[in-house]
Every structure is written in structure tokens, then in C-alpha cells.
1. Somewhere in the stretch 189-207, is a residue open to solvent by less than 30 Å² (accessible area, probe 1.4 Å) and more than 17 Å from G245 (Cα to Cα)?
2. Could you look through the stretch 220-230, keep only residues that are touching a Pro at 6+ places or on another chain (Cβ under 8 Å) and more than 23 Å from E258 (Cα to Cα), and pick out the one that is farthest from ligand 2 (Cβ to nearest atom)?
3. Looking only at the stretch 180-203, count every residue that is within 13 Å of ligand 2 (Cβ to nearest atom) and either free of Cβ contacts under 8 Å to residues at least 24 places away in the same chain or among the small types (G, A, S) (or both) and tell me the total.
4. Can you work out which of the residues in the stretch 128-147 that are within 22 Å of R83 (Cα to Cα) and loosely packed, with under 14 Cβ neighbours inside 10 Å is farthest from ligand 1 (Cβ to nearest atom)?
5. Please state which one of H182, H242 is open to solvent by 40 Å² or more (accessible area, probe 1.4 Å), under 25 Å from M16 (Cα atoms) and modelled with pLDDT of 95 or more.
6. May I ask you to verify whether E151 is of a type outside the set (K, R) and more than 30 Å from V316 (Cβ to Cβ)?
7. For the stretch 313-349, name all the residues that are more than 28 Å from L13 (Cα to Cα), in a helix (DSSP H, G or I) and polar (S, T, N, Q).
Amino acid sequence: MLPRIVVAGNGQLGQMLQQAGAPMQLEVMPVDPNADVQLELRADDVITVEIEHWSDSVSGLQLKQHPNFRNKVALHMVVDRQRQKSLLDRLQVPTSPWLSLEGDDLQAQLESVGERVIVKRRRGGYDGRGQWRWQKGDQPEAEWAGECIAEAMIPFSHEVSLVGARNAAGEKVFYPLTCNWHQDGILRASIAGLPIPAEQQRDAEAWLGRIMDDEGYIGVMAMECFVVDGKLLVNELAPRVHNSGHWTQEGASISQFELHLRALAGLPLITPEVSGVSVMYNLLGRNWKPEWLSVQGAHVHWYGKEIRPGRKVGHVNICRPDVPTLAESLQALGAQLDEEDSVVAEWALAQLAS
Ligand code: ATP
Ligand code: MG
């Protein structure tokens, strides 16, 4: 008998976990952890998360206190950037130079990190929110003390991420590194299935594997990295399914959502196969456009959320057997009238050419 998987959070990630469970008749129930209602949880439910922060509401406490709440330790370590960076240091996983901002003399602390610094709120930031850019000469904000870490600005050539999973037996599987394009701190698009230097893949798997083992982690975890002179530097961890893994829905034999459920439910964990090349791009604050479906290999995932400027309301995966066919699809996408689609097509075509 498979357990029911209860997801703390009822956004798009919970929705896509539910979709992945359906073919296996694996019940996935996303719930709002901020609601003040008594949930009808069963003793054999398995609790997982799609968000990292919620209030001590009635539902929230009930979820946290359930005996099968998974990855408590990992969440504790990762939700706070200071603890997360300390974990990376302790496990000797390379990350950007950083410190915790404390006390009065912020100027000197910031200068010791570098000439250009990113200040990040320790808790609660996402999609680039809760971050400030500081450079020598700028006035620091007093309220950063005790609340933020400061990180050196990294002159990366590009960004990649690794999505992997671990089960209770300690078995681990990984997808190939995905190349990501962020703008204003928000993920615009990802591309996967292009050749990746073997050394980068090997390092990334070793580090994420070490982190998951250390935390006794069960399920999917993502690791975002900067690439500097061909070497990886870890930016941050996400203890859940991740936006940069959305391409796996049609671009891999097992999606990240199914992989997460397999690990949690104790189902076989095998390495997902990737045969073609995929582009995923986020639909930010836009309306549903039937034209997306005229592009060969395109799959639309619409979240059904209220449309607000810049908000992630869906994504499109374009999966093709190889680079030339993917380039054809991107050209077809770029030829559409919408500026947003053609900008993504341009970026992805440049990746295919490089
Ligand atoms: P997410 O939506 O992934 O949760 P986030 O808000 O938690 O994002 P980060 O991943 O820390 O924030 O930063 C968002 C983006 O800002 C990064 O992907 C990168 O493009 C840029 N960035 C963050 N830290 C640095 C840094 N130290 N040097 C250069 N760029 C950075
Ligand atoms: Mg990030």
C-alpha cells in the first residue's frame, strides 16, 4: 500500500507533484500550511514541502509535528542562508565568499567581502526578492545587521543547476546539469541536454550527494551554481523540486516530480534517461496563448493563477530529439509576434550555437 503524500504548499509545485502521482494512483494532497484549519492527516501520510517558510498556523504546526514530516534537518539548515552557507563550508563545497552582517560597522564588513557585494536576507527571499546590491561607497542599511548575509558578487560566465534525488536507503540519482538564464533574480529559461564538461557534472554530483547524505535527505534537492572559468561555485540549495528541473516533465524518462514521489514513497529510484535537448521557459505575468502549441515539441503547463506582472503563471517545455530540430522550434517560436517569446528563443539559440 502506497502512502499518501501531503505537500505543504498549494502552488504550482504541489500541483505538478499531484499530476505526477496520478498515473501511479499515488495520492498527492497539497495543503495550505498557513491556514488556521485542522487537517485530517493520517498516521501513515508522508509530509513533504513545496515552500520553505510558513507560519505557526493550526495547519502549519500540524504538518511540522507529524511523525512522517520528511527532511526536518535539511529544511532547518537550508531555510536560513547563514546556516546554509555554513553547511556548504563545513562540507567543503565551494561557494562565493560571504559573511553574516552583524553589529554597527557594516561598511568595513561589506568591504571585507569585496568591492561589489550582494546582500541577501537570511530568510524568506525568492525570485531575487530580499536582495540588495552594494558597492564600495554606498551607504549600508542599518537593518541589514543580524538579518542578512553579504556575498561577493561573482563574475560568472553562466549559471547551471543540478537536480538529484536520494532515497531512504541512501541511493542517489541525478539529471544532467541544466543551464539557466536569470534576469533580475528571476529564472527566465533553462536548457538541458547539451554537452556538459564531465568534470562539472562529476563535481556537482559529488557535492550534492555529500549534502544529501549529510542531511539524511529523502526526495529531490536542487543545487544552483555559478560557472567561473569553467569551474562551479555553489550559489544556493533548494530542498524541493525546482523550477530549473521543469524541463524533465517531457525531456526525461522520469520527471523530477515523479522522482521526488518515488523517493518519498519508497518506490524504485533509477537514473532518468535524457535523450534529446529541451528548453523550458517561464511565462511571467502573461496571458494564455494558443500559438505556443503551434511550435513542434512545445508543451504548455499553465498554473491557473491570477496574472500579475512578473509572476510565474506557467511554463513552456520545448523538447526535441537534437540541436537542429530544437533550433527549428525556437525559430518558429521567435517568429511569433510576442516579444517575450522571441527574447527567450534568441537566448536559447545562442546557447545551442555556443
Ligand atoms: P530563487 O528564485 O532561485 O529562490 P533567490 O531569490 O533565492 O532565487 P538567489 O538564487 O540567491 O536568490 O539569486 C538570484 C539570482 O541573482 C542568481 O541566480 C544570480 O543570477 C544572481 N546572484 C545571486 N547571488 C549572486 C552572486 N553572489 N554573484 C552574482 N550574481 C548573483
Ligand atoms: Mg536561486
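The values are calculated or read from the model by the stated rules, or taken from the named source; none is laboratory data. These numbers were taken from a predicted model, which means no experiment stands behind them. Neighbour counts are summed over all protein chains in view; Cβ atoms, including those assigned to glycine, are modelled from backbone coordinates with ideal geometry. Surface areas here come from the heavy atoms of the whole protein model, side chains and all, with no ligands, DNA or RNA. Shrake-Rupley method; radii C 1.70, N 1.55, O 1.52, S 1.80 Å.
1. Checking the stretch 189-207: at least one residue is open to solvent by less than 30 Å² (accessible area, probe 1.4 Å) and more than 17 Å from G245 (Cα to Cα).
2. Ranking the qualifying residues of the stretch 220-230, first place goes to G230.
3. Number satisfying all stated conditions: 3.
4. Top of the filtered list is A142.
5. Answer to the selection: H182.
6. yes
7. T325, Q331
Per-residue answers, yes or no, for (1) part of a loop (DSSP other than H, G, I, E, B); (2) charged (D, E, K, R); (3) farther than 26 Å from K231 by Cβ:
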| site | (1), (2), (3) |
| --- | --- |
| Y126 | yes, no, yes |
| R129 | yes, yes, yes |
| R133 | no, yes, no |
| P140 | yes, no, yes |
| G146 | yes, no, yes |
